[in-house]
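J.: Take this structure first; my questions come after.
The values are calculated or read from the model by the stated rules, or taken from the named source; none is laboratory data. Being a predicted model, the structure only gives us computed values, none of them experimental. With ideal geometry, Cβ positions are generated from the backbone for all residues, glycine too; neighbour counts draw on all protein chains shown. The accessibility values were calculated without ligands, DNA or RNA, using every heavy atom of the protein model including side chains. Shrake-Rupley method; radii C 1.70, N 1.55, O 1.52, S 1.80 Å.
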Amino acid sequence: MPLEAWYMDSSDEDQRLPHKLSPNQPVSLDELKKIGVLHWKLNADMYENDPELEKIRKDQGYSFSDIITIQKETLPNYEEKLKMFFEEHLHLDDEIRYILDGQAYFDVRSACNRWIRIAMGKGDLITLPAGIYHRFTMDQTNYTKAMRLFVGEPVWKAYNRPADDFEKRQLYVASLQCS
Ligand code: KMT
């Protein structure tokens, strides 16, 4: 399945629902690229020995990786973590996630500050650029397993919005064109 993304409605119903507008307003991979969001589709069944993944890691310098399984039974402080992940925030480094199993949503702000929801499924690898406001939520299946990649030693620090004074944020904003 190709990656699906769309502009969100503004309802404050359950965050795990799709929140599509009616009619739906899809967002293309090209539009995502314009805001610095990059996507690859890989075969997650062979993530432990995948030359394609190795090539991306080498080309992009993604030297670090670990695996997080997000489900109530196995993730300590599950509810607390989900709440934290859903706070609008940014990082000073790229956020790189590869879904190995299950599914979930990443929400990112468009150049004009609208929420775009990205439906991530098994095999989707995504890079969110440093400085982009974003958040993460489970969908109604409540299960995902993801590889977290990083350039060098990982820094998980998140800065909740507003965090506009960081140089990384300002550089990112300067790269955007709202039209
Ligand atoms: C993190 O940093 O652990 C996250 O972004 C949570 C989602 S990982 C699929």
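J.: Starting from the stretch 144-160, take each residue that is open to solvent by 50 Å² or more (accessible area, probe 1.4 Å) and list its partners that are of a type in the set (Gly, Ala, Ser) and near the ligand (Cβ under 10 Å from one of its atoms), counting only C-beta distances under 9 angstrom and pairs at least six apart or across chains.
T.: If the second residue must be of a type in the set (Gly, Ala, Ser) and near the ligand (Cβ under 10 Å from one of its atoms), the pairs left are LYS145/GLY102.
J.: Something else about it: Being near the ligand (Cβ under 9 Å from one of its atoms) and among the basic types (Lys, Arg) narrows it down to one of ARG114, ARG97, so name that one.
T.: ARG97
J.: Only one of ALA119, ALA163 is more than 12 Å from the ligand (Cβ to nearest atom), part of a strand (DSSP E or B) and not basic (Lys, Arg); which? I'd like the intermediate steps shown before the answer.
T.: On the way: ALA163 fails: part of a strand (DSSP E or B).
Residue meeting the stated conditions: ALA119.
J.: Looking at the stretch 1-86, what strands (runs of 3 or more DSSP E) fall wholly within it and have at least 2 residues that are farther than 20 Å from MET147 by Cα and touching a Pro at 6+ places or on another chain (Cβ under 9 Å)?
T.: Correct list: 4-7.
J.: Could you identify the single residue in GLN71, GLN60, GLN103 that is more than 24 Å from LYS33 (Cα to Cα) and of a type in the set (S, T, N, Q)? First the steps, then the outcome.
T.: Values: GLN60 fails: more than 24 Å from LYS33 (Cα to Cα); GLN103 fails: more than 24 Å from LYS33 (Cα to Cα).
When all the criteria are applied, what remains is GLN71.
J.: Okay, moving on. Tally the residues that are in contact (Cβ under 8 Å) with a residue 40 or more places away in the chain and of a type in the set (D, E, K, R), restricting the search to the stretch 59-94.
T.: So the answer is 6.
J.: Then there's this: Among the numbered criteria (1) open to solvent by less than 60 Å² (accessible area, probe 1.4 Å); (2) touching a residue at least 24 places away in the same chain (Cβ under 8 Å); (3) within 17 Å of TYR105 (Cβ to Cβ); (4) hydrophobic (A, V, I, L, M, F, W, C), which single criterion is violated by LEU42?
T.: The one condition LEU42 does not meet is (3).
J.: When the stretch 122-160 is examined, which residues are found to be of a type in the set (Gly, Ala, Ser) and more than 13 Å from the ligand (Cβ to nearest atom)?
T.: Answer for the stretch 122-160, where residues must be of a type in the set (Gly, Ala, Ser) and more than 13 Å from the ligand (Cβ to nearest atom): GLY123, ALA130, GLY131, GLY152.
J.: For the stretch 12-28, how many residues meet the condition of being under 14 Å from THR137 (Cβ atoms) and exposed (fewer than 11 other Cβ atoms within 10 Å of the Cβ)?
T.: Number satisfying all stated conditions: 3.
J.: Look through VAL108, VAL27, VAL37 and report the one residue that is under 16 Å from ALA158 (Cβ atoms) and either touching a strand residue (DSSP E or B) at 6+ places or on another chain (Cβ under 8 Å) or within 15 Å of the ligand (Cβ to nearest atom) (or both).
T.: VAL108
J.: Would you point out the residue of the stretch 96-113, among those that are touching a helix residue (DSSP H, G or I) at 6+ places or on another chain (Cβ under 9 Å) and not acidic (Asp, Glu), that is farthest from THR137 (Cα to Cα)?
T.: Restricting attention to the stretch 96-113, the residues satisfying the condition of being touching a helix residue (DSSP H, G or I) at 6+ places or on another chain (Cβ under 9 Å) are 96, 98-101, 108, 110-111.
Restricting the remaining residues to those that are not acidic (Asp, Glu) gives 96, 98-100, 108, 110-111.
Working: ILE96: 15, TYR98: 15, ILE99: 13, LEU100: 16, VAL108: 12, SER110: 18, ALA111: 21 Å.
If we take residues in the stretch 96-113 being touching a helix residue (DSSP H, G or I) at 6+ places or on another chain (Cβ under 9 Å) and not acidic (Asp, Glu), then ALA111 is farthest from THR137 (Cα to Cα).
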